[in-house]
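Notes follow the structure.
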Amino acid sequence: MDHYTFIKKQDTEIFDAITGEEEREVRGIELIPSENYVSRAVREANGSVLTNKYSEGYPGKRYYGGQEYTDIVETIAIERAKTLFNCKFANVQPLSGAPANVAMYFALMEPGDTVLGMHLEHGGHLTHGHPTTSINKVFNFVRYKMKDVETGEIDYDELRAVAKEHKPKVILAGFSAYSRELDYAKSVEIAREVGAYAVADMAHIAGLIAGGAARNPFDDGFDVITTTTHKTLRGPRGGMILVRDNEDLAKKINKAVFPGLQGGPHMNVIAAKAVAFGEAMTPAFKEYAAQILKNAKAMETVFRNANIRMLGGGTSNHLILADVFGSLGVTGQEAEVALDDVGITLNKNMIAGETRSALDPSGIRFGTPAMTTRNMKEAEATRVAEIMIERLKTIKNDERAKELKVEVEELCRRFPVPESFV
């Protein structure tokens, strides 16, 4: 905490909040699948003097002077991203995943055109066309679902039928709460049949792809990938759009990001992205990505042995979606609060066929990226899953909750958050 010296002197309220959050992260186990810990190097870049600089435009084509160092930073980030994901073009300026998706839509379509994406209750994301989003007013969104929620199998026959009926300009593969692998080749095949772009939103699994633990959609012919740079990729909060090999498409993406959607990019964040991409190119990152999957499988085994229903029947990636209301009579909101009480953080989540409200749904979503960053392995993942289930089965036992909290804190002391990954 000694690296907050100036904030401590100048603004004690913010200092207290930051250090409180730091203590929470250190003493508890983070299981939200979209969260992770970044290295000290990433944090230093994120808090660097680059936050002072306006850099509208792209390297070599800026609208302001004084860009010799920002051009270096952004070019390095672009080249590392291209190497990590085996593509020819990368835009590292999107501020997060949602703006990246919005820019992609405007680059590839005209208002009123159709997108075919995964239904939110079946694992999709809000930006894939949920009726509550603003982008839903601009484009026409149609959706596909799982054929079998117990196995997670996507109904590709339905996907093809919907695509032939609605003639989408974009077929979007990707998810926010889906625990299995997608058949990228089938999505590309259907996209080619109807003349659509094949786009993958890999925000959740970008780190698994970069680390070689999950398949790269570009290998199956996808045209575009959108992603966040945090989550499994273990970088700063930000977004990115990758284009496999189409230069004209890359130019459209660049124009859609700037000046279409954003002004000056956040150069401090782009520097932090570059640092994180460098970390993702190391052998240690490959080990981390592989361990994420092993830890998720260990947790799956515990939940299966406890007869707790998992959507998709388990996991093939970094996350699990469990129906705790159907299995234990505990709502997602109750489970989130009860587990928070013992130092385990996850999120409530809707499930396919949901009968409850979004604010108090039937499910919980949890994953292993952050705990894996702490160097926890299968034994620790197994014990964490056991603690979760015991807590949910004894939700009114406050004394036992205190004991479990002590065990969680001891586990966290044994596996501190690393400051460096290289």
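Quick note: the coordinates plus some simple rules give every number you see, no bench work behind them. This one's a predicted model, so the numbers in the text were calculated from it and none came from an experiment. FYI the Cβ positions are ideal-geometry reconstructions off the backbone, even for glycines, and counts take in every protein chain you see.
If I take all pairs of Cα atoms in the stretch 119-228, what percentage of them are more than 17 Å from each other?
Values: 3216 of 5995 pairs.
Of all Cα-Cα pairs in the stretch 119-228, 54 percent lie more than 17 Å apart.
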Selected from 97, 177, 204, residue furthest toward positive end of dipole (the stretch 44-280; charges at beta carbon): 97
Expressed as a whole-number percentage, the relative contact order of the stretch 263-400 with C-alpha contacts under 8 angstrom and at least six residues apart is 25 percent
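With +1 on each Lys and Arg Cβ and -1 on each Asp and Glu Cβ, and nothing else charged, work out how big the dipole of the stretch 2-43 is about its Cα centre, in Debye to the nearest 20.
Working: 6 positive and 10 negative charges, 39 e Å.
Charge dipole of the stretch 2-43: 180 debye, to the nearest 20.
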Can you tell me which of 69, 184, 144 moves the most in a GNM of the chain? Springs connect C-alpha atoms under 10 Å apart. 69
Which of the lysines could be linked to residue 61 by a straight reach, that is with a Cα gap under 23 Å, when you skip same-chain ones fewer than 8 residues away? 53, 82, 88, 251, 252, 255, 273
Take residue 181 and residue 136, extend 7 Å from each Cα along the Cα→Cβ direction, and tell me the distance between the two endpoints in nm. 3.3 nm
Quote the FRET efficiency, to the nearest 0.05, computed for residue 14 versus residue 193 with a Förster distance R0 of 56 Å and r equal to the Cβ-Cβ distance. 0.55
Where does the Debye-calculated log10 I(q)/I(0) of the stretch 192-262 sit at q = 0.11 Å⁻¹, using only Cα point scatterers of equal weight, no solvent? -0.29
Simple SL model, points at 7 angstrom along Cα→Cβ for residue 25 and residue 414; separation in nm is 2.3 nm
Kirkwood-based Rg/Rh on the Cα set of the stretch 302-376 evaluates to 0.96
Projected label distance in nm at residue 167 and residue 397, using a 7 Å step from Cα toward the beta-carbon: 6.3 nm
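Only bridges with both residues in the chain count here: give the DSSP antiparallel percent, nearest 5. Intermediate values should be presented prior to the final figure.
On the way: 21 of 38 bridges.
Within the chain, antiparallel bridges account for around 55 percent of the total.
Give the relative contact order (percent, whole number) for the chain; include only Cα pairs under 8 Å separated by 6+ residues.
Relative CO of the chain lands at 22 percent.
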In units of 2.2 N^0.38 Å, what is the alpha-carbon radius of gyration of the stretch 44-280? 0.99
Over what distance in Å are the Cα centres of the stretch 7-48 and the stretch 321-377 separated? 23 Å
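For the stretch 44-280, what's the relative contact order in percent, using C-alpha pairs closer than 8 Å and at least 6 residues apart? Walk me through the intermediate numbers first.
On the way: 480 pairs, mean separation 72.2, N = 237.
Result for the stretch 44-280 is 30 percent.
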In a GNM of the chain with a 10 Å cut-off on Cα contacts, which of 177, 200, 352 has the highest mean-square fluctuation? 352
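Past the 35 angstrom mark, what percentage of all C-alpha to C-alpha distances in the chain do you count? Could you put the intermediate results ahead of the total?
Details: 25903 of 88831 pairs.
Percent of Cα pairs beyond 35 Å in the chain: 29.
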In terms of the alpha carbon gyration tensor, root eigenvalues a ≥ b ≥ c, rounded if a/c is under 1.5 and otherwise prolate when a/b exceeds b/c or oblate, the stretch 287-414 is oblate
For residue 286 and residue 43, what does the FRET efficiency come to when R0 = 22 Å and r is the distance between their Cβ atoms, rounded to the nearest 0.05? 0.45
Hits among lysines - C-alpha to C-alpha of residue 348 under 28 Å, sequence gap 8 or more where chains match: 137, 145, 147, 231, 294, 297, 377, 393, 396, 402, 405
Dipole of the chain, positive direction: furthest Cα of 303, 84, 60, with charges on the beta-carbon: 60
Under 20 Å between alpha carbons, and skipping anything fewer than 8 positions from residue 164 in its own chain: which aspartates and glutamates qualify? 110, 113, 155, 183, 189, 193, 223
Using bins 10 angstrom wide from zero, how does P(r) for the stretch 155-278 break down, in % of all Cα pairs? 12, 39, 36, 12, 1
